[in-house]
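The values are calculated or read from the model by the stated rules, or taken from the named source; none is laboratory data. Remember, it's a predicted structure, so these values are computed and weren't measured experimentally. Reconstructed Cβ throughout: ideal geometry from the backbone, glycine too, with neighbour counts over all protein chains shown. SASA here: full protein model, heavy atoms, side chains in, ligands and nucleic acids out. Shrake-Rupley method; radii C 1.70, N 1.55, O 1.52, S 1.80 Å.
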Amino acid sequence: LNVWKPGNQVSETLCEPGQVQLFYDDFEDGNWEGWDFADVDGRPSTAGWHIASQEENYVLIGDGHNWANPQNTFGQDYTLSLRLRADPDSPSPDFHINVRMSENGRYLITSGHIRREPGDEILAQWNAPTDGRWHDISIHARGKNIKIMWDGRQVAALEDSDALPGGSVALENTGGSV
């Protein structure tokens with residue numbers, strides 16, 4: 001998971017030119033320091049999450065309906081980048097990525113759409129495969145605009161005239177295994 005914002009510095013890690021890194025974790029150290037975990041009701045709990053070695057890398061694995069979020073709050077303009085794999089054999093292979101999450105609401109990004117909560121309006125639709133392969137996803141949040149890139153290709157974009165302010169990001173597993 002990599003989060004960066006526009007700025008004048010370039011990090012030695014995965015930032016794009018002109019970006020400042022806000023958060024980074026690849027779990028290669030085998031720990032999850034800097035993360036908060038909760039169950040579906042918001043109670044702190046690491047149940048359902050673990051770090052495991054897969055294909056010569058360490059990965060964060062979620063099972064069941066639960067949450068993982070970095071212990072950071074980000075401004076309104078940032079890019080969230082991560083690699084994910086949804087297990088097609090799990091009962092619910094969908095994933096949820098939440099951006100600009102605060103007491104004002106969140107943008108919920110799933111394998112099929114982007115929705116602003118509170119509310120049920122779908123702001124953009126797309127189709128991400130839950131095929132068991134690793135995929136790169138990046139979410140670019142800039143002012144009123146949100147753009148989704150999947151494996152380097154733009155798959156969704158929206159403009160929200162009443163955009164949510166900055167907030168945290170969170171991974172939400174919805175009952176399967178991601």
Condition check: touching a Ser or Thr at 6+ places or on another chain (Cβ under 8 Å), open to solvent by less than 20 Å² (accessible area, probe 1.4 Å), touching a residue at least 24 places away in the same chain (Cβ under 8 Å) and within 20 Å of ILE148 (Cα to Cα). Does LEU84 satisfy that? no
Given the conditions (1) out of contact with any His (no Cβ under 8 Å at 6 or more places or on another chain); (2) in a strand (DSSP E or B); (3) charged (D, E, K, R), and given that GLU172 satisfies all but one, which numbered condition is not satisfied? (1)
Residues of the range 18-38 being in a strand (DSSP E or B) and open to solvent by less than 30 Å² (accessible area, probe 1.4 Å), which ones? GLN19, PHE23, TRP35, PHE37, ALA38
Can you tell me which residue among GLY75, GLY48 is open to solvent by less than 80 Å² (accessible area, probe 1.4 Å) and over 20 Å from PHE23 (Cα atoms)? GLY48
Can we say ASP63 is surrounded by 12 or more Cβ atoms within 10 Å (Cβ to Cβ), modelled with pLDDT of 85 or more and either of a type outside the set (Phe, Trp, Tyr) or part of a loop (DSSP other than H, G, I, E, B) (or both)? no
Which pairs have Cβ atoms under 6 Å, sit 6 or more apart or on different chains, and link a residue in the range 121-141 that is assigned to a loop (DSSP other than H, G, I, E, B) to one that is among the aliphatic types (A, V, I, L, M) and surrounded by 13 or more Cβ atoms within 10 Å (Cβ to Cβ)? TRP126/VAL155; TRP126/ALA156; THR130/ALA86
